[in-house]
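Take a look at the structure below.
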Amino acid sequence: MCGIAGVLNTLQHNPLSEQLVPRMLAMIQHRGPDACGAYWSPDFAMGNARLSIIGLASGLQPIGNEDGSLWIVYNGEAFNYVELKEELVKAGHRFRTDTDTEVVLHLYEEYGPSCLEKINGQFALAIWDAGRRELFLARDRFGIRTLFYCEQGGRFSFASEIKSLFVVPGVAREIDPGALDEIFTFWTTLPPRTVFKGVQQLLPGHYMTVGDGHVSQHRYWSLPYFNKFERWDGSFTEAMEHLDALLTDAVRLRLRADVPVGAYLSGGLDSSIVTALITRHFNNRLKTFSMRFAESAFDESVFQDQLVKHLGTDHCSVVVSSDQIRESLPAVIWHCETPLLRTSPVPLYLLSRLVREHRFKVVLTGEGADEIFGGYNIFKEAKVRHFWGRQPDSTLRPRLLEKLYPYVFTNPSRGRAFLYQFFATRPEDRSNLLFSHQLRWNNGRRNTALFSDTLRSCLDGCDSYERVAAGLPADFLQRELFSRTQTLEVGIFLSNYLLSSQGDRVAMANSLEIRLPFLDYRVVEFAARLPAHWKLHGLNEKYILKKTFGGLLPGSIAQRPKQPYRAPIREAFRNTVGDSWMAELLSEAAISRAGYFHPDRVAHLVSHFRKDPGVAAGENQNMALTGILTTQLTHQLFVEDFHGLQAAPATLKRLVREDGRHIQVSHPG
C-alpha cells in the first residue's frame, strides 16, 4: 500500500520543478514510510511513497516496462497477481521485480484499459505512456483506495490525498458550500465532488485518460443487478457451499504478503467470520486486534473475549475513552480531509495505531458484509415501511419498527404516536426512487438550518436529491426493494464514507493496509444473484451468512442481532467549556470569521451540550455539533493554517540518476 501523486502540463509551457512531486509526496509520508520514488520530465512528473508489503527488496516505484515507454505508480494490491503473472509470462512478458505493481503494468501493456476487469484487488493507479504523452488513471471497483485530481491553470494534478494537491502552485484551498450541504444531508459529498472547490475524485469502478487537450472518463464496473431469469438456480444448500468456497478463497488471496498479516476482531458477525476462516484454514496462531470503549453503551468486549477464547487467537486491544476521542479529533480531520457527522472514525484511527505499534502493516477486516448481505437496519426499516405503506391505516404493521428501534420507542421524550408519525408511509411513497433513504436524509437535512445566510446564498440551486436520482439506472424502480436500498447504500455511504473516513484514511494515517474479503468482486457478484429473502429473511439480517458460517462461531455471536458500530459524541464533547481548542472553534468570533454557520444558532446548540451531562442530546443534535466542529477544523487546518507550501522535510533526500529522468527519494534508517 502506498501514496501516489503527479502533475501533467496540459496547456502550460513552463517546465515542472523537479522538487514539486517530492514535495507532494512529503505531505503523504504516512502512507508510505518505507521509500519514495519519482519520475520526472519537463511536462510530466509522478511519484510514489511506498509501504512495502510485496516484493520488499525490489519494489521501488515508479516501475517501467522493458523499453521505458510505460511507467506506473500504484497504491494498492492485485491479490491475484501470481496467477496474472503466469499468464503474462506465457504471453512473452519479462519481469525484473517480484511485485504486483509490475504485473499490473504489463497487464495494461497487454490488454489496455480492459486489464482492470482481470484484477481482483483494491487499488488506485497511474500509468504514463511516454510515447503517446497520455496519462491513465484508475480506481478499484468499490473505491477502497482513494484518488483525487484537479484541473487548474493548464495543469492536471492527481494524488492519493487532497493535501498533496494543495502543494501544487495555483490550486486553491476553498471549502465548497454545496459540498457542506451534501455532507449535512448524506454524511458525505456525492462523488465526484469533494469538500474543496475544484478538487474531484475519480469514481469507483472508473478509469480516465488525460492527454494534450483531452480528459475522458469511463466506467468499467458497477454493482450488478440480475432479474429473476438470471438469478441463482441452485438450492439454498448449494448456495451456501458456493459462498463458503468463494469467501474462503477471498480470504486466502488477501493473506498474500511478504510481511505478517493480522485481523480486526470487533465481536460482530462479519469480522468473526473472517477471523474464523483464517484460523480454520490458514493460520491457527493469528494476531487479532480490537477496540474497547470506556463507555459501556458502546463496548462489545464481552463478545470479543468469547471469540478469542473460542478461536485461540493472540489478541490485543485498546481501550478508547471519550477524552481520547476529543483529543484525537484534529488529527483525524487532517487525515480524512472532510467534515464528519460522527466521531466513529476516531476509535478506528486509534486502533490502527495500536496495530502499527505491534509492527503489523496489514489486517483483514469484515467491512462490506452489511452492504452486500443486508446487515444494516436501513434494509429492515425500508422493508417494514414498504409493507406498512400497503395498509397505511394498520396499527399492527408499524409495531415492527419497535423491534428495530426499541431504545427509540422507549425514550420518554418521544411518544409512540410521534414516532409512528415520523416513520409514516403513504402508498404513493413506495414508488419514490429514494424511498429507502429519503426519510433519513430529510431528518439530517434539518441541520442545514444552522448554515449562515451567506453560505445558503452560495448554494448552486441544484437539488442534491435530483443529483442522486439522475445517477440511478433507468430500470431502478422495476428492481426489488432490497436492490434499490443496496444501490443507494453502496453508491453513497460505502465508497465515500465507510471505506474512506472509517477505512483507508484512518488506517493509512498509521501506515496500515486494510483488506476486505467481503468486497472480493466474485463474492459480491455471486451475492447479487441470490434471492433477497436469502439475505434478509423476514427481519433476520445476513441470513445466508449466518447459516453458512454460524458453525464456526459461538452461538452467542452467530445469532446475535446486528449492533451498529457507534462511538461517543455527547460524552466526548460534554466538556467543551473547559477544552480551549474546542471552545475557541465554537466561539462566536470563530464561527463568524469562518462564515459557514449562523453564530446565534450555533451558540444555542452549544449551550445544550454544556448543560448537565445527564441530559441526553438527540441524534440530530449530536450530528449537528460534530458537523459544525469538524467543519471548523477542516477550515482551520486546510484553509487558514495549511503549512504544505513549505519545503519538503529534511528527512527526505533526493538522489537524481544520471539520465536525469528518474528521481529516487529514500527515508534514511
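The values are calculated or read from the model by the stated rules, or taken from the named source; none is laboratory data. On a predicted model such as this, the values are computed, not experimentally measured, just so you know. Cβ sites come from the backbone with ideal geometry, for glycine too, and all protein chains shown count toward neighbours.
Quick notes
- Elements of type helices (runs of 4 or more DSSP H) contained in region 286-376, each with 3 or more residues being free of Cβ contacts under 8 Å to residues at least 12 places away in the same chain and surrounded by fewer than 22 Cβ atoms within 10 Å (Cβ to Cβ): none
- Checked against (1) more than 30 Å from L459 (Cβ to Cβ); (2) surrounded by fewer than 18 Cβ atoms within 10 Å (Cβ to Cβ), A583 passes all but a single condition, namely (1).
- Checking each residue in region 391-408 for being under 18 Å from R426 (Cβ atoms) and touching a residue at least 40 places away in the same chain (Cβ under 8 Å) picks out only L400.
- Pairs with Cβ under 7 Å, 6+ apart, first in region 527-545 and among the hydroxyl-bearing types (S, T, Y), second at pLDDT 95 or above: Y543/W534; Y543/K535; Y543/L536; Y543/H537
- Filter result (part of a helix (DSSP H, G or I) and aliphatic (A, V, I, L, M)) within region 460-478: V468, A469, A470, L477
- Considering only residues in region 201-237 that are in contact with a Gly (Cβ under 9 Å, 6 or more places away or on another chain) and among the hydrophobic types (A, V, I, L, M, F, W, C), the one that is nearest to I119 (Cα to Cα) turns out to be W221.
- Selection count where residues are part of a helix (DSSP H, G or I) and either of a type outside the set (S, T, N, Q) or surrounded by fewer than 22 Cβ atoms within 10 Å (Cβ to Cβ) (or both), scope region 226-280: 28
- For E83, the test of being crowded, with 24+ Cβ neighbours inside 10 Å, within 21 Å of V362 (Cβ to Cβ) and charged (D, E, K, R) is failed.
- Among the residues of region 468-483, the one identified as among the polar types (S, T, N, Q) and within 18 Å of I378 (Cβ to Cβ) is S483.
- Residue satisfying condition, being of a type in the set (D, E), buried (at least 24 other Cβ atoms within 10 Å of the Cβ) and free of Cβ contacts under 8 Å to residues at least 60 places away in the same chain, within set E161, E102: E102
- Failed condition for G555, given (1) of a type outside the set (S, T, N, Q); (2) over 22 Å from T343 (Cβ atoms); (3) in contact (Cβ under 8 Å) with a residue 24 or more places away in the chain: (3)
- From Y521, Y565, Y497, Y543, residue being of a type in the set (F, W, Y), buried (at least 16 other Cβ atoms within 10 Å of the Cβ) and at pLDDT below 95: Y565
- Exclusive hit being surrounded by fewer than 24 Cβ atoms within 10 Å (Cβ to Cβ) and among the basic types (K, R), set R50, R94, R31: R94
- Within region 432-459, being of a type in the set (S, T, Y) and either assigned to a helix (DSSP H, G or I) or on the phi > 0 side of the Ramachandran plot (or both) holds for S436, T448, T454, S457.
- Scope region 457-474; condition in contact (Cβ under 8 Å) with a residue 60 or more places away in the chain and more than 27 Å from the chain's Cα centre (by Cα); matching residues: C458
- For region 70-77, the count of residues that are assigned to a loop (DSSP other than H, G, I, E, B), among the aromatic types (F, W, Y) and either in contact with a helix residue (DSSP H, G or I) (Cβ under 7 Å, 6 or more places away or on another chain) or surrounded by fewer than 24 Cβ atoms within 10 Å (Cβ to Cβ) (or both) is zero.
- Of all residues making up region 143-190, the number that are within 30 Å of F518 (Cβ to Cβ), of a type outside the set (A, V, I, L, M, F, W, C) and part of a strand (DSSP E or B): 1
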